[in-house]
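The values are calculated or read from the model by the stated rules, or taken from the named source; none is laboratory data. Treat the numbers as computed from the prediction; the structure is a model and nothing was measured. Heads up, the Cβs are rebuilt from the backbone with ideal geometry, glycines too, and the neighbour counts pull from every protein chain shown.
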Amino acid sequence: MFIDSHCHINFPELAQNLDEVLANMQGNDVSTALCVGVNLENFPQILQLAAQHDQIYASVGVHPDHEQDTEPTQAQLVGLAQHPKVVAIGETGLDYFRLKGDLEWQRTRFRTHIRASRECRKPLIVHTREAAQDTLRIMAEEGADQVGGVMHCFTESMEVAQAALDLNFYISFSGIVTFKSATTIKEVARQIPLERMLIETDSPYLAPVPFRGKLNQPAYVKHVAEEIAKLRGISLEEVGQATSENFRRLFFKDQTLSPL
Ligand SMILES: [Zn+2]
Ligand SMILES: [Zn+2]
(Lines give C-alpha, C1' and ligand atoms only; values in the text may rest on other atoms or scores of the structure.)
(Ligands and ions follow the chains in the order given, each with its own letter.)
Protein backbone atom coordinates (compact mmCIF):
# COMPACT_ATOMS: atom_id res chain seq x y z
CA MET A 1 0.00 0.00 0.00
CA PHE A 2 1.08 3.58 -0.73
CA ILE A 3 0.14 6.96 0.70
CA ASP A 4 0.22 10.21 -1.27
CA SER A 5 1.41 12.67 1.39
CA HIS A 6 0.70 15.80 -0.68
CA CYS A 7 -1.89 16.43 -3.38
CA HIS A 8 -4.40 19.07 -4.44
CA ILE A 9 -7.39 17.00 -5.54
CA ASN A 10 -9.68 19.93 -4.77
CA PHE A 11 -8.26 21.74 -7.82
CA PRO A 12 -10.84 21.67 -10.64
CA GLU A 13 -8.74 19.45 -12.99
CA LEU A 14 -9.03 16.61 -10.47
CA ALA A 15 -12.17 17.55 -8.52
CA GLN A 16 -14.33 17.32 -11.62
CA ASN A 17 -13.30 13.66 -12.06
CA LEU A 18 -13.16 12.78 -8.39
CA ASP A 19 -14.84 9.36 -8.71
CA GLU A 20 -12.26 8.30 -11.28
CA VAL A 21 -9.39 9.77 -9.21
CA LEU A 22 -10.50 7.78 -6.15
CA ALA A 23 -11.05 4.60 -8.18
CA ASN A 24 -7.55 4.90 -9.66
CA MET A 25 -6.10 5.25 -6.17
CA GLN A 26 -7.78 2.02 -5.13
CA GLY A 27 -6.69 0.27 -8.33
CA ASN A 28 -3.05 1.20 -7.65
CA ASP A 29 -2.95 0.33 -3.93
CA VAL A 30 -2.88 3.99 -2.87
CA SER A 31 -4.79 3.81 0.39
CA THR A 32 -4.72 7.42 1.51
CA ALA A 33 -4.07 10.94 0.24
CA LEU A 34 -3.47 14.19 2.10
CA CYS A 35 -5.19 17.10 0.36
CA VAL A 36 -3.09 20.13 1.21
CA GLY A 37 -4.55 23.61 1.62
CA VAL A 38 -3.10 26.60 -0.23
CA ASN A 39 -5.51 29.32 0.93
CA LEU A 40 -8.43 29.92 3.27
CA GLU A 41 -10.83 30.65 0.41
CA ASN A 42 -10.76 27.01 -0.79
CA PHE A 43 -10.43 25.38 2.61
CA PRO A 44 -14.17 24.57 2.94
CA GLN A 45 -13.94 22.42 -0.22
CA ILE A 46 -10.94 20.53 1.15
CA LEU A 47 -12.67 19.93 4.44
CA GLN A 48 -15.75 18.67 2.64
CA LEU A 49 -13.64 16.21 0.60
CA ALA A 50 -11.98 14.95 3.77
CA ALA A 51 -15.27 14.70 5.64
CA GLN A 52 -16.92 12.75 2.82
CA HIS A 53 -14.11 10.30 2.04
CA ASP A 54 -12.37 8.10 4.60
CA GLN A 55 -9.17 7.94 2.55
CA ILE A 56 -8.76 11.72 2.25
CA TYR A 57 -7.17 13.90 4.96
CA ALA A 58 -6.73 17.67 4.97
CA SER A 59 -4.33 20.41 6.02
CA VAL A 60 -4.87 24.13 6.49
CA GLY A 61 -2.53 26.90 5.38
CA VAL A 62 -1.82 29.73 2.97
CA HIS A 63 0.85 29.08 0.32
CA PRO A 64 3.78 31.53 0.02
CA ASP A 65 2.92 32.12 -3.67
CA HIS A 66 -0.57 33.37 -2.81
CA GLU A 67 0.19 37.01 -2.15
CA GLN A 68 -3.34 38.31 -2.76
CA ASP A 69 -5.23 35.73 -0.68
CA THR A 70 -6.53 36.38 2.82
CA GLU A 71 -3.69 36.63 5.34
CA PRO A 72 -4.33 34.05 8.08
CA THR A 73 -3.90 34.77 11.77
CA GLN A 74 -2.43 32.22 14.15
CA ALA A 75 -5.81 31.92 15.90
CA GLN A 76 -7.60 31.30 12.59
CA LEU A 77 -5.22 28.50 11.61
CA VAL A 78 -5.46 26.88 15.03
CA GLY A 79 -9.25 27.13 14.94
CA LEU A 80 -9.55 25.54 11.48
CA ALA A 81 -7.11 22.78 12.46
CA GLN A 82 -9.43 21.52 15.19
CA HIS A 83 -11.39 19.32 12.79
CA PRO A 84 -10.29 15.70 13.38
CA LYS A 85 -9.41 15.14 9.73
CA VAL A 86 -7.12 18.17 9.57
CA VAL A 87 -3.76 16.57 10.32
CA ALA A 88 -1.26 19.36 9.52
CA ILE A 89 -0.58 23.06 9.10
CA GLY A 90 0.47 24.11 5.60
CA GLU A 91 1.49 24.31 3.02
CA THR A 92 3.62 27.17 4.17
CA GLY A 93 7.21 28.27 3.64
CA LEU A 94 9.18 30.55 1.34
CA ASP A 95 9.33 30.84 -2.44
CA TYR A 96 11.89 33.24 -3.88
CA PHE A 97 11.56 31.69 -7.34
CA ARG A 98 8.00 32.68 -8.26
CA LEU A 99 7.85 35.98 -6.39
CA LYS A 100 10.50 38.71 -6.26
CA GLY A 101 10.95 41.97 -4.41
CA ASP A 102 10.45 42.57 -0.73
CA LEU A 103 9.19 39.25 0.58
CA GLU A 104 9.19 40.08 4.27
CA TRP A 105 5.43 39.30 4.26
CA GLN A 106 6.27 35.68 3.23
CA ARG A 107 8.62 35.29 6.17
CA THR A 108 6.04 36.79 8.55
CA ARG A 109 3.36 34.46 7.19
CA PHE A 110 5.70 31.48 7.59
CA ARG A 111 6.33 32.40 11.24
CA THR A 112 2.56 32.64 11.83
CA HIS A 113 2.13 29.09 10.51
CA ILE A 114 4.94 27.69 12.67
CA ARG A 115 3.45 29.34 15.77
CA ALA A 116 0.00 27.92 14.90
CA SER A 117 1.53 24.49 14.39
CA ARG A 118 3.22 24.61 17.80
CA GLU A 119 0.02 25.82 19.46
CA CYS A 120 -2.23 23.08 18.02
CA ARG A 121 0.53 20.44 18.00
CA LYS A 122 0.01 19.45 14.38
CA PRO A 123 3.05 19.08 12.10
CA LEU A 124 4.08 21.49 9.35
CA ILE A 125 4.06 21.01 5.58
CA VAL A 126 6.89 23.20 4.30
CA HIS A 127 7.36 24.45 0.74
CA THR A 128 10.74 25.97 -0.08
CA ARG A 129 12.08 27.15 -3.42
CA GLU A 130 15.33 29.07 -3.91
CA ALA A 131 15.03 30.01 -0.24
CA ALA A 132 16.55 27.09 1.67
CA GLN A 133 18.77 29.08 4.04
CA ASP A 134 16.02 31.50 5.13
CA THR A 135 13.57 28.61 5.44
CA LEU A 136 15.88 26.64 7.74
CA ARG A 137 16.80 29.74 9.74
CA ILE A 138 13.17 30.68 10.42
CA MET A 139 12.31 27.05 11.26
CA ALA A 140 15.11 27.05 13.85
CA GLU A 141 14.24 30.50 15.24
CA GLU A 142 10.56 29.60 15.67
CA GLY A 143 11.19 26.17 17.21
CA ALA A 144 9.69 24.18 14.34
CA ASP A 145 11.64 21.16 15.63
CA GLN A 146 9.18 21.04 18.55
CA VAL A 147 6.43 19.80 16.23
CA GLY A 148 8.33 18.55 13.18
CA GLY A 149 6.81 18.13 9.79
CA VAL A 150 7.81 17.54 6.20
CA MET A 151 9.87 19.33 3.58
CA HIS A 152 7.54 18.64 0.68
CA CYS A 153 8.52 18.17 -2.97
CA PHE A 154 12.17 18.15 -1.98
CA THR A 155 14.51 19.69 -4.60
CA GLU A 156 17.48 20.76 -2.47
CA SER A 157 20.94 19.40 -1.65
CA MET A 158 21.98 16.71 0.83
CA GLU A 159 23.21 19.47 3.18
CA VAL A 160 19.75 21.05 3.26
CA ALA A 161 18.18 17.61 3.73
CA GLN A 162 20.50 16.92 6.68
CA ALA A 163 19.66 20.29 8.29
CA ALA A 164 15.93 19.51 7.94
CA LEU A 165 16.43 16.01 9.39
CA ASP A 166 18.25 17.63 12.33
CA LEU A 167 15.13 19.76 12.92
CA ASN A 168 12.98 16.60 13.18
CA PHE A 169 11.59 16.94 9.68
CA TYR A 170 10.78 14.30 7.11
CA ILE A 171 11.75 14.62 3.43
CA SER A 172 9.11 14.04 0.78
CA PHE A 173 9.88 13.18 -2.83
CA SER A 174 7.59 13.98 -5.74
CA GLY A 175 7.62 12.89 -9.40
CA ILE A 176 10.66 15.12 -9.91
CA VAL A 177 12.83 12.28 -8.51
CA THR A 178 11.89 10.24 -11.60
CA PHE A 179 13.23 12.88 -14.02
CA LYS A 180 16.54 11.94 -15.65
CA SER A 181 18.10 15.34 -14.95
CA ALA A 182 17.34 15.24 -11.20
CA THR A 183 20.72 13.82 -10.20
CA THR A 184 21.08 15.72 -6.89
CA ILE A 185 17.56 14.77 -5.78
CA LYS A 186 18.18 11.13 -6.69
CA GLU A 187 21.32 11.22 -4.56
CA VAL A 188 19.37 12.58 -1.57
CA ALA A 189 16.76 9.84 -2.09
CA ARG A 190 19.58 7.27 -1.93
CA GLN A 191 21.19 8.68 1.20
CA ILE A 192 18.57 9.82 3.71
CA PRO A 193 17.24 7.27 6.22
CA LEU A 194 14.26 5.34 4.87
CA GLU A 195 12.41 5.98 8.15
CA ARG A 196 12.37 9.74 7.45
CA MET A 197 11.12 9.59 3.89
CA LEU A 198 7.66 10.33 2.45
CA ILE A 199 6.33 10.18 -1.10
CA GLU A 200 3.87 12.50 -2.81
CA THR A 201 2.46 13.57 -6.15
CA ASP A 202 1.77 17.31 -5.64
CA SER A 203 -0.94 16.53 -8.22
CA PRO A 204 -2.32 17.92 -10.46
CA TYR A 205 1.28 19.11 -11.13
CA LEU A 206 4.58 17.27 -11.67
CA ALA A 207 3.45 13.93 -13.05
CA PRO A 208 6.21 11.31 -12.73
CA VAL A 209 7.76 9.44 -15.64
CA PRO A 210 6.08 7.82 -17.68
CA PHE A 211 3.30 10.41 -17.41
CA ARG A 212 5.55 13.48 -17.41
CA GLY A 213 3.74 16.53 -18.83
CA LYS A 214 0.32 14.96 -18.33
CA LEU A 215 -2.22 15.61 -15.59
CA ASN A 216 -0.96 14.09 -12.37
CA GLN A 217 -3.11 12.24 -9.79
CA PRO A 218 -2.57 10.47 -6.43
CA ALA A 219 -2.54 7.00 -8.08
CA TYR A 220 0.78 7.91 -9.73
CA VAL A 221 2.59 8.09 -6.37
CA LYS A 222 3.40 4.44 -7.01
CA HIS A 223 5.83 5.56 -9.73
CA VAL A 224 7.65 7.76 -7.23
CA ALA A 225 7.95 4.73 -4.94
CA GLU A 226 9.23 2.62 -7.84
CA GLU A 227 12.01 5.10 -8.57
CA ILE A 228 13.06 5.20 -4.91
CA ALA A 229 13.07 1.39 -4.74
CA LYS A 230 15.31 1.32 -7.81
CA LEU A 231 17.67 3.99 -6.42
CA ARG A 232 18.05 2.23 -3.07
CA GLY A 233 18.08 -1.32 -4.40
CA ILE A 234 15.13 -2.41 -2.27
CA SER A 235 11.67 -3.73 -3.11
CA LEU A 236 8.68 -1.60 -4.03
CA GLU A 237 6.80 -3.17 -1.11
CA GLU A 238 9.48 -2.05 1.33
CA VAL A 239 9.25 1.55 0.10
CA GLY A 240 5.45 1.47 0.30
CA GLN A 241 5.44 0.02 3.79
CA ALA A 242 8.12 2.33 5.20
CA THR A 243 6.70 5.55 3.72
CA SER A 244 3.17 4.64 4.87
CA GLU A 245 4.40 3.94 8.40
CA ASN A 246 6.29 7.24 8.36
CA PHE A 247 3.16 9.08 7.26
CA ARG A 248 1.15 7.58 10.12
CA ARG A 249 3.88 8.29 12.66
CA LEU A 250 4.12 11.94 11.58
CA PHE A 251 0.49 12.86 11.02
CA PHE A 252 -1.48 10.59 13.35
CA LYS A 253 0.78 10.33 16.42
CA ASP A 254 -1.31 12.52 18.73
CA GLN A 255 -4.67 11.45 17.44
CA THR A 256 -7.13 8.74 18.26
CA LEU A 257 -8.04 8.33 14.58
CA SER A 258 -7.45 4.86 13.29
CA PRO A 259 -5.89 5.44 9.90
CA LEU A 260 -6.91 2.37 7.93
ZN1 LIG B 1 4.46 23.31 -2.64
ZN1 LIG C 1 1.44 21.63 -3.07
Within the range 220-227, does at least one residue satisfy the condition of being among the aromatic types (Phe, Trp, Tyr) and part of a helix (DSSP H, G or I)? yes
Within the bounds of the range 101-124, is there any residue that is out of contact with any helix residue (DSSP H, G or I) (no Cβ under 7 Å at 6 or more places or on another chain), on the phi > 0 side of the Ramachandran plot and not basic (Lys, Arg)? yes
May I ask you to verify whether Lys100 is modelled with pLDDT under 95, charged (D, E, K, R), more than 16 Å from ligand 1 (Cβ to nearest atom) and out of contact with any Gly (no Cβ under 8 Å at 6 or more places or on another chain)? yes
For the range 185-206 the number of residues that are aromatic (Phe, Trp, Tyr) and touching a helix residue (DSSP H, G or I) at 6+ places or on another chain (Cβ under 8 Å) is 0
From the list Val62, Val21, which residue is assigned to a helix (DSSP H, G or I) and crowded, with 19+ Cβ neighbours inside 10 Å? Val21
For the range 190-208, give me each residue that is farther than 19 Å from Asp29 by Cβ, aliphatic (A, V, I, L, M) and more than 16 Å from ligand 2 (Cβ to nearest atom). Ile192
Those residues that are more than 15 Å from ligand 1 (Cβ to nearest atom), part of a helix (DSSP H, G or I) and in contact with a strand residue (DSSP E or B) (Cβ under 8 Å, 6 or more places away or on another chain), I need them from the range 113-144; list them, please. Ile114, Ala116, Ser117, Cys120, Asp134, Ile138, Met139, Ala144
So, Ser181, is that one part of a loop (DSSP other than H, G, I, E, B) and surrounded by fewer than 23 Cβ atoms within 10 Å (Cβ to Cβ) or not? yes
